[in-house]
Amino acid sequence: MVIESAIMELPDTKTIRLQWPEGYDLQFKTGQFITLYFPDTPEYKRAYSLSSCALDRGSYEVTVKRDGKMGTRIVDWAKQGHTMFVIPPTGRFLPVYEPKKHLICVAGGSGVTPFRGFVREATRRKLETQITVLYSVRTTNDIIFDQEFRDLEQQNQNFNFYVTCTRLAPEDPWTGRRGRINADWVKEHVHDLPNTIFYACGPNELVEFAEELVLNELRVPKEQMKVEKWG
């Protein structure tokens with residue numbers, strides 16, 4: 001697939017849009033991932049969650065941080081017009097779009113990218129499903145899709161976006177939450193536990209914290225917890 005556009009979201013984060021070739025019309029689901037590799041290095045493949053949703057036809061979008069060989073090459077070198085090979089979407093990190101469900105999505109760093117797809121689809125379809133994103137970043141300069149999430153909040157009364165910053169200087173003017181995501185902050189957003197589905201995506205440490213909280217402390221059945229670990 002040809003890279004249709006390459007947009008820097010942050011100094012270390014880029015979204016590439018991969019254009020579907022003529023005649024390609026695959027059905028897939030929001031929350032799945034694709035696997036990418038460059039024509040000259042087919043032995044080196046990397047999976048990335050889609051940051052677009054299943055309603056975005058004609059292309060796939062992934063949002064990549066400068067990390068490892070593939071992430072560095074995409075962020076620093078991939079440009080509009082370049083070609084990449086794409087292994088079609090797969091995965092079971094899927095949003096449960098039911099009217100009475102509340103999706104609490106815990107994210108760290110680039111782990112927020114699949115949740116953009118979750119909210120995009122829910123908003124466009126005008127669904128009643130509640131979605132809350134709890135997002136941990138180092139500083140306000142590390143918030144991926146900040147403006148888009150704020151815009152989606154205005155369009156969708158069932159969506160809320162909350163950010164906590166872990167490494168701000170004391171004199172920083174940020175008036176929002178500071179510190180890591182903790183159990184109390186997650187519990188604050190739980191209003192109907194049997195109808196809450198928990199998602200966690202990002203660094204292993206964050207995902208393991210969420211699993212411990214949800215499965216052991218809240219004693220929620222495994223069916224109500226979905227995770228994506230990114231190492």
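The values are calculated or read from the model by the stated rules, or taken from the named source; none is laboratory data. None of the values given here were measured: they were computed from a predicted structure. Backbone-built Cβ (ideal geometry, glycine too); neighbour counts: all protein chains shown. Quick note on the areas: whole protein, heavy atoms, side chains included, nothing else; ligands and nucleic acids left out. Shrake-Rupley method; radii C 1.70, N 1.55, O 1.52, S 1.80 Å.
Per-residue accessible area (protein heavy atoms, 1.4 Å probe) orders Glu188, Glu43 as Glu43, Glu188, starting from the largest. Keeping the other protein chains in place, figure out the carbon and sulfur percent of the accessible area of segment 59-198, with a 1.4 Å probe. Carbon-and-sulfur percentage of accessible area, whole number: 46. Pairs of alpha carbons in segment 103-176 separated by more than 14 Å make up 57% of all such pairs.
Contact order, relative form, for the chain: 18 percent (alpha carbon pairs under 8 Å, 6 or more residues apart, mean separation divided by residue count).
Here the calculated FRET efficiency for Glu171 and Leu26, from their Cβ-Cβ distance with R0 = 35 Å, stands at 0.10, rounded to the nearest 0.05.
Give me the extension gain from Asn204 to Lys126: residue separation times 0.36 nm, minus the current Cα-Cα distance, reported in nm with one decimal. All intermediate terms of the calculation are to be shown ahead of the outcome.
Numbers: separation 78, 0.36 × 78 = 28.08 nm, distance 3.28 nm.
Gain in length upon complete extension: 24.8 nm.
Taking 27 Å as the cut-off for C-alpha to C-alpha distance, list the pairs among Lys69/Lys229; Lys45/Lys229; Lys45/Lys126 that go past it. Distance filter (> 27 Å) returns Lys45/Lys126.
Put simply, when 45-51, 130-136, 111-117 are sorted by average Cβ atoms within 10 angstrom per residue, most first, you get 111-117, 130-136, 45-51.
If packing is taken as the average count of other Cβ atoms within 10 Å, what order do 3-13, 100-110 fall into, highest mean first? It would help to have the intermediate numbers written out before the result.
Values: 3-13: 15.7, 100-110: 22.3.
Descending mean neighbour count gives 100-110, 3-13.
With q set to 0.09, 0.12 Å⁻¹, the log10 of I(q)/I(0) for the chain, from the Debye formula over equal scatterers at the Cα positions, is -0.37, -0.66. Residues in segment 1-135 average 45 Å² of solvent-accessible surface per residue, probe 1.4 Å, ligands and nucleic acids excluded. For the pair Gln157 and Asp192, label points projected 7 Å from Cα toward Cβ lie 1.6 nm apart. The reciprocal of the average 1/r between distinct C-alpha atoms defines the Kirkwood hydrodynamic radius, which for segment 32-115 equals 14.3 Å.
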